[in-house]
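Before any comments, here is the structure.
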Amino acid sequence: MSTEPVSARGGPLLDVRNLHVEFRTREGVARAVNGVDYAVDAGETLAVLGESGSGKSVTAQAIMGILDSPPGFVTQGQVLFHGEDLLKFGTEQRRKVRGARMAMIFQDALSALNPVLNVGEQLGEMFTVHRGLSRKDARAKAVELMERVRIPAAKERVRSYPHQFSGGMRQRVMIAMAMALEPELIIADEPTTALDVTVQAQVMDLLAELQREYNMGLILITHDLGVVADVADKIAVMYAGRIVETSPVHDIYRAPAHPYTKGLLDSIPRVDQKGQELYAIKGLPPNLLHIPPGCAFHPRCPLAQDICRTKIPPLYRVSEVRASACHFWKECIGDDRPAADKT
Ligand SMILES: Nc1ncnc2c1ncn2[C@@H]1O[C@H](COP(=O)(O)OP(=O)(O)OP(=O)(O)O)[C@@H](O)[C@H]1O
Ligand code: SF4
Ligand SMILES: [Mg+2]
């Protein structure tokens with residue numbers, strides 16, 4: 001975890017500001033990302049949470065420069081990487097940043113990897129293309145990487161094809177690909193969702209270990225509030241393409257400052273509540289072609305008042321390190337909020 005103040009190093013590694021992305025479809029304009037602000041520093045893990053369709057992946061694609069365009073367009077905002085706006089970079093400049101300085105890990109390794117190249121060739125390509133290594137040296141590097149992500153019998157398996165690996169091992173291959181050029185930032189989009197529970201934990205532990213060792217910034221996109229408690233430093237909760245709450249991880253578990261976050265937390269199954277019916281947030285996420293006016297969460301919110309139907313809540317400052325886009329964050333946080341947060 002980073003302890004140095006951000007200002008001392010001239011700003012965060014990645015600073016996304018007021019990002020807007022829309023999809024221009026035949027049915028209309030889907031406003032998938034509506035003013036996202038988040039930042040991540042070297043050595044820091046930001047978990048991005050939210051239900052399906054909240055814009056987590058689209059935000060990541062816009063940061064990486066891999067947005068499906070058309071129909072997707074960034075219409076506003078900045079993606080500052082070391083203070084430079086990547087949205088102003090040309091295609092070739094962005095391609096150079098991708099892989100070498102920031103890399104992405106996807107949920108589905110089988111479709112992200114090339115089925116007709118063995119993993120040694122795919123890993124090796126990172127070094128022949130980006131670093132000018134010979135094929136022989138690149139293969140040795142590939143074996144080294146496979147060992148680094150603890151794939152057993154790496155020397156033999158370097159000639160295997162993606163489909164010959166188990167799901168967990170394939171995910172390790174993808175982590176190795178992402179790590180190959182030692183990027184400063186990794187975006188992992190639901191990296192363990194497709195795996196069974198024990199393998200999920202092993203892959204997550206590996207990712208967290210590498211992140212610490214290489215002092216990388218990590219953006220971890222997930223549905224699963226249970227997973228993030230151990231690995232994340234801070235959390236950004238997304239709803240209908242906006243950040244509705246940002247907070248250091250432990251504060252949010254103790255006292256959520258947004259009713260949506262509270263709903264997500266209350267939906268986690270708990271061992272001490274076995275047999276009780278699990279809480280679910282009522283209703284469904286909005287149709288992005290017709291986002292409700294005011295606070296997009298109001299049709300589902302137990303605390304909604306008249307103002308919520310007309311006025312979009314800005315991100316209110318809850319404390320030095322926390323913010324909530326709820327007009328009634330004080331009511332939400334209640335008296336349970338930690339002493340450090342009370343003003
Ligand atoms: N290629 C596309 N064409 C049209 N609309 C798209 C496209 N990709 C995404 N969208 C729109 O953007 C919305 C947000 O998608 P996104 O993939 O970011 O959600 P997510 O938060 O990552 O959800 P999940 O948890 O299911 O992965 C979608 O609901 C959809 O309306
Ligand atoms: S602004 Fe209103 S509707 Fe939105 S989360 Fe807060 S209380 Fe609920
Ligand atoms: Mg997604």
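No value in this document is a laboratory result; all are computed from the given coordinates. All figures in this text were calculated on a predicted structure; none of them were measured in a lab. Every residue, glycine as well, gets a Cβ built from its backbone with ideal geometry; the counts of neighbours run over all protein chains shown.
Some observations on this one:
- Among residues of region 290-312 that are in contact (Cβ under 8 Å) with a residue 60 or more places away in the chain, those with a beta-carbon under 8 Å from a residue that is basic (Lys, Arg) and surrounded by 12 or more Cβ atoms within 10 Å (Cβ to Cβ) at least six positions away or on a different chain give the pairs ILE291/ARG31.
- Region 37-80, residues that are closer than 17 Å to ALA240 by Cβ and assigned to a loop (DSSP other than H, G, I, E, B): GLY50, GLU51, SER52, GLY53, SER54, GLY55
- Scan of region 76-115 for residues that are among the hydrophobic types (A, V, I, L, M, F, W, C) and without any contact (Cβ under 8 Å) to a residue 40 or more places away in the chain, ordered by number: LEU86, LEU87, PHE89, VAL97
- Test set (1) part of a loop (DSSP other than H, G, I, E, B); (2) more than 11 Å from ligand 1 (Cβ to nearest atom) - LEU87 fails condition number: (1)
- Looking only at region 281-303, and only at residues there that are hydrophobic (A, V, I, L, M, F, W, C), in contact with a strand residue (DSSP E or B) (Cβ under 9 Å, 6 or more places away or on another chain) and away from ligand 3 (no atom under 16 Å from the Cβ), the one that is nearest to LEU265 (Cα to Cα): PHE297
- Any hit, region 46-63, residues being within 16 Å of ligand 2 (Cβ to nearest atom) and surrounded by fewer than 21 Cβ atoms within 10 Å (Cβ to Cβ): yes
- Scanning region 313-323 for residues that are in contact (Cβ under 8 Å) with a residue 12 or more places away in the chain and more than 8 Å from ligand 2 (Cβ to nearest atom) gives LEU315, TYR316, VAL318, SER319, VAL321, ARG322, ALA323.
- Enumeration of residues in region 27-66 that are farther than 28 Å from ASP266 by Cβ, in contact with a strand residue (DSSP E or B) (Cβ under 7 Å, 6 or more places away or on another chain) and within 15 Å of ligand 1 (Cβ to nearest atom): VAL29, ALA30, ALA62, ILE63, MET64
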